[in-house]
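What follows is one structure encoded as structure tokens, with my remarks underneath.
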Amino acid sequence: MKNKISLLRFLPILFLTVMATLLSGCIEDGYTSSPDARPVFSKDTVDMGMVITTDVSTTQRFTVRNPNSKGIIISDIHVAGENADCFRLNVDGFSGTTFSDVEIRANDSIYVFVSCTLPENDMDAPTRVTSDICFTTNGVTERVVVMATGQDVNRLFGVTIDNDTSFNSGRPYQVFDSLVVAPDVTLTLEAGTSIMFHDRAYMRVYGTLITEGTVEHPVEFRGDRTGDVISGITFDLMAGQWQGVDFMPGSMGNKLSHTVIRNTVQGIIAEDCDIEIVNSRLRNSQYVALSAVGCDITAVGCEFAEAPYGTVYIQGGKAIFDHCTFPNYYLFSAIYGSAVTLAHLNEESAVEDFDAPYASVRITNSILYGLGNDIYPGDLTGTDVIVQRCLLKSAGSDDDNFIECLWESDPLYRTIREDYIFDYRLQPESPAIGAGDSSLSTHPAARLDAYGNPRGETPDLGAYVFTDTGDTD
């Protein structure tokens, strides 16, 4: 009994001794000062991509990992170089330009976030800016390169074009609020012109819009956000960044050639006007890529893609689509509409209080295939609609409206949706290769696709001629 009591008396002393030893070991062995114990960086280069000068860039990030069995202390972090003032850091949740004694526990890591604002260069061409983010650990300095490409722009605030005007391919145009073409006025966009729209900005055409894009120098309409939304997903894929282009009633003589319109809420909305679209791409719209009500539309060699409510909507009027591709692999919601939706076709489908003639539609040498349905309505009996020499997703059979079609056929696009590759050219095994009919193509532009490839006497279906290059867009 005495031995037990004696042991109990010594337990508190034993406990304190053990704890002191453990704490002493932690304090002594918690961090290493060895110059060989250095952090590991998830990137050796951070490329911010193209940044509009004086605008705040998107934020990029990388990790700094301590692979050692003991903690390390990074004594100094700062941005060095001639352009150091352009870049800002956030290290482990703290913003600033310089950081001291940043601790990273054993086998742990921290985030470093980088953003920038680049000064104007007074140049049309983009300018590369480079600096180093320096990390000094145990007397050893390591660097992560950070770079960005600054692009000066012509800023437009609520501009109305009231005289015949041309935009050129020098500096891109950044539109805030709106860009309006007045009645009886023509705006011409020369080859290589780029127009970047800020959030909620729009273009409205009462007069005439002519784009003169070429294979080498297309005309581009896009949102003004650049870089990545998150790693691997660029803002180029994001819809809803700006409103789109409205062609108003009475707008005539519109011609779009080799033109890309993307990142919109509404794409193109046209009413009671005429538009010719050649070798162009309308993609990444939050609703519909092309909506035409009571219009005269001619589209040759065009891609209408990625829109959850369908890529094309035609209500009344006249429409010709030759060598077009209507895919729909929209990323950010379910797909609710068919690739092509036709309305006001006859008395049975007449739109109430809409006085335009019933729709007359010709879709030839084209591909209607993607997620969702291909065409609505599927029964076109009694309408002035012809779908001829087209590849369709639907299982069906030819009749007076569907002529010489490839039913229930996969065109084998090069698209890899899970890798964010949206390339609607054809793979070598595609049934669309050589399945077209050149006699159905009456427009001179049908001779060449958007890449300048000749279609020949036995053309491929869709917007793009098959070429076995293996590259992606």
Which condition number in (1) more than 24 Å from N284 (Cα to Cα); (2) surrounded by 15 or more Cβ atoms within 10 Å (Cβ to Cβ); (3) in contact (Cβ under 8 Å) with a residue 24 or more places away in the chain is the one that L426 fails?
(1)
Go through the range 40-56 and give me each residue that's of a type in the set (D, E) and outside any loop (DSSP other than H, G, I, E, B).
D47
Please enumerate the residues belonging to the range 244-258 that are under 15 Å from the mean Cα position of the chain (by Cα) and either open to solvent by 40 Å² or more (accessible area, probe 1.4 Å) or on the phi < 0 side of the Ramachandran plot (or both).
none
Picked from the range 192-223 (must be of a type in the set (A, V, I, L, M, F, W, C) and over 21 Å from the mean Cα position of the chain (by Cα)), the residue surrounded by the fewest Cβ atoms within 10 Å (Cβ to Cβ) is I210
Index of the failed condition, D47 passing every other in (1) in contact with a Gly (Cβ under 6 Å, 6 or more places away or on another chain); (2) of a type in the set (D, E, K, R); (3) at pLDDT below 95:
(1)
Please identify the pairs in which a residue from the range 40-52 that is of a type in the set (A, V, I, L, M) has its Cβ atom under 6 Å from the Cβ atom of a residue that is open to solvent by 70 Å² or more (accessible area, probe 1.4 Å), counting only partners at least 6 apart or on another chain.
V40/R65
Answer yes or no: is there a residue in the range 373-385 that is closer than 19 Å to A463 by Cβ and either within 32 Å of the chain's Cα centre (by Cα) or not β-branched (V, I, T) (or both).
yes
For the range 226-235, state whether one or more residues are under 21 Å from A305 (Cβ atoms), of a type in the set (F, W, Y) and touching a Phe, Trp or Tyr at 6+ places or on another chain (Cβ under 7 Å).
no
Could you tell me which numbered condition I230 fails, if it satisfies all but one of (1) over 16 Å from the mean Cα position of the chain (by Cα); (2) modelled with pLDDT under 95?
(1)
Quick one: which of S251, S166 is over 29 Å from N328 (Cβ atoms) and either modelled with pLDDT of 95 or more or not charged (D, E, K, R) (or both)?
S166
D152: charged (D, E, K, R) and open to solvent by less than 20 Å² (accessible area, probe 1.4 Å), yes or no?
yes
Residue by residue through the range 126-149, note down the ones that are part of a strand (DSSP E or B), open to solvent by 20 Å² or more (accessible area, probe 1.4 Å) and in contact with a strand residue (DSSP E or B) (Cβ under 9 Å, 6 or more places away or on another chain).
T127, R128, T130, D132, T136, T141, E142, R143, V145, M147, T149
For the range 403-411, does any single residue satisfy the condition of being free of Cβ contacts under 8 Å to residues at least 12 places away in the same chain, part of a loop (DSSP other than H, G, I, E, B) and acidic (D, E)?
no
If I filter the range 175-182 for residues that are in contact (Cβ under 8 Å) with a residue 40 or more places away in the chain and surrounded by fewer than 22 Cβ atoms within 10 Å (Cβ to Cβ), do I get at least one hit?
no
Got at least one residue in the range 441-453 being closer than 17 Å to E303 by Cα, more than 20 Å from the chain's Cα centre (by Cα) and hydroxyl-bearing (S, T, Y)?
yes
Suppose we filter the range 292-317 for residues that are surrounded by fewer than 24 Cβ atoms within 10 Å (Cβ to Cβ) and either at pLDDT below 95 or at negative phi (or both); how many remain?
8
Any residue that is of a type outside the set (D, E), open to solvent by 70 Å² or more (accessible area, probe 1.4 Å) and within 24 Å of T467 (Cβ to Cβ) - is there at least one of those in the range 382-391?
no
Determine which single condition D353 fails, assuming it passes every other condition in (1) touching a residue at least 12 places away in the same chain (Cβ under 8 Å); (2) open to solvent by 10 Å² or more (accessible area, probe 1.4 Å); (3) at positive phi.
(1)
Residue that is nearest to A125 (Cα to Cα) [pool: residues in the range 160-174 that are open to solvent by 20 Å² or more (accessible area, probe 1.4 Å) and of a type in the set (S, T, N, Q)]:
S169
Cβ-Cβ below 7 Å, separation at least six or inter-chain, first residue in the range 57-80 and assigned to a strand (DSSP E or B), second of a type in the set (A, V, I, L, M) and open to solvent by 50 Å² or more (accessible area, probe 1.4 Å): which pairs?
R65/V40
Among the residues of the range 49-76 satisfying the criterion of being more than 21 Å from L118 (Cα to Cα) and hydrophobic (A, V, I, L, M, F, W, C), which is most open to solvent (accessible area, probe 1.4 Å)?
I73
Considering Y420, Y451, Y413, which residue is aromatic (F, W, Y) and under 30 Å from L345 (Cβ atoms)?
Y413
Go through the range 84-107 and give me each residue that's in contact (Cβ under 8 Å) with a residue 40 or more places away in the chain and surrounded by 13 or more Cβ atoms within 10 Å (Cβ to Cβ).
A84, C86, F87, L89, E103, I104, A106
Which residues, taken from the range 450-469, are exposed (fewer than 12 other Cβ atoms within 10 Å of the Cβ) and in contact with a Leu (Cβ under 7 Å, 6 or more places away or on another chain)?
P454
Tally up the residues in the range 59-86 that are of a type in the set (G, A, S) and under 27 Å from T127 (Cα atoms), please.
3
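The values are calculated or read from the model by the stated rules, or taken from the named source; none is laboratory data. Quick caveat, the model's predicted, so the values are computed rather than measured. Virtual Cβ from ideal backbone geometry, glycine too; neighbours counted across all protein chains shown. Remember, those area values only see protein heavy atoms, side chains included, never the ligands or the DNA or RNA. Shrake-Rupley method; radii C 1.70, N 1.55, O 1.52, S 1.80 Å.
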